[in-house]
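What follows is a short report on a single structure.
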Amino acid sequence: QLQLMESGGGLVQPGGSLRLSCAASTNIFSIYHMGWYRQAPGNRREMVATITSNSGRTEYADSVKGRFAISRDDAKNTAYLQMNSLNPADTGVYYCNAGGSYIGGVYQARPDGWGQGTQVTVSS
């Protein structure tokens with residue numbers, strides 16, 4: 001069974017940066033589409049960024065465009081989320097998802113493809 005481990009979260013001041021990692025326990029990581037999601041207290045889990053297998057095409061939520069960048073290193077079975085110019089609205093638990101599919105051009109998360117999450121807190 002695929003296992004995902006997120007890391008890199010923490011406390012950062014507004015305007016700061018963090019880089020999240022998502023390590024996958026699989027040797028076929030390269031075939032998986034990947035997504036990063038976040039959930040703030042009292043809110044629904046929302047998509048932040050996605051990246052396809054093969055072409056590495058990326059998509060972003062409007063709220064993070066120009067500030068966040070998703071990438072992947074298939075040789076390391078790892079996906080990343082570089083987050084810059086962070087603000088308090090970015091606070092939440094960040095989860096990665098692996099193995100979802102695209103329907104109508106929109107990434108659909110795999111129900112059993114979640115990691116345990118990593119907390120990001122943006123505060124002065």
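Readers should treat all values here as calculations from the given coordinates under stated rules, not as data from a laboratory. What you see is a predicted model, and the numbers here were worked out from it, not measured in a lab. Cβ: placed from backbone, ideal geometry, glycine included. Neighbour counts: every protein chain shown.
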For region 40-58 the number of residues that are touching a Phe, Trp or Tyr at 6+ places or on another chain (Cβ under 7 Å), surrounded by 14 or more Cβ atoms within 10 Å (Cβ to Cβ) and not in a loop (DSSP other than H, G, I, E, B) is 4
Residues of region 65-124 being hydroxyl-bearing (Ser, Thr, Tyr), in contact with a Leu (Cβ under 9 Å, 6 or more places away or on another chain) and surrounded by fewer than 18 Cβ atoms within 10 Å (Cβ to Cβ), in sequence order, are Ser71, Thr121, Ser123
*Residues in region 35-55: is at least one in contact with a Lys or Arg (Cβ under 7 Å, 6 or more places away or on another chain) and without any contact (Cβ under 8 Å) to a residue 40 or more places away in the chain?*
yes
Residue set Ser55, Ser25, Ser30, Ser21; condition touching a strand residue (DSSP E or B) at 6+ places or on another chain (Cβ under 8 Å) and over 18 Å from Val120 (Cα atoms); output residue Ser25
Those residues of region 64-87 that are assigned to a loop (DSSP other than H, G, I, E, B) and under 15 Å from Gly35 (Cβ atoms) come to a total of 1
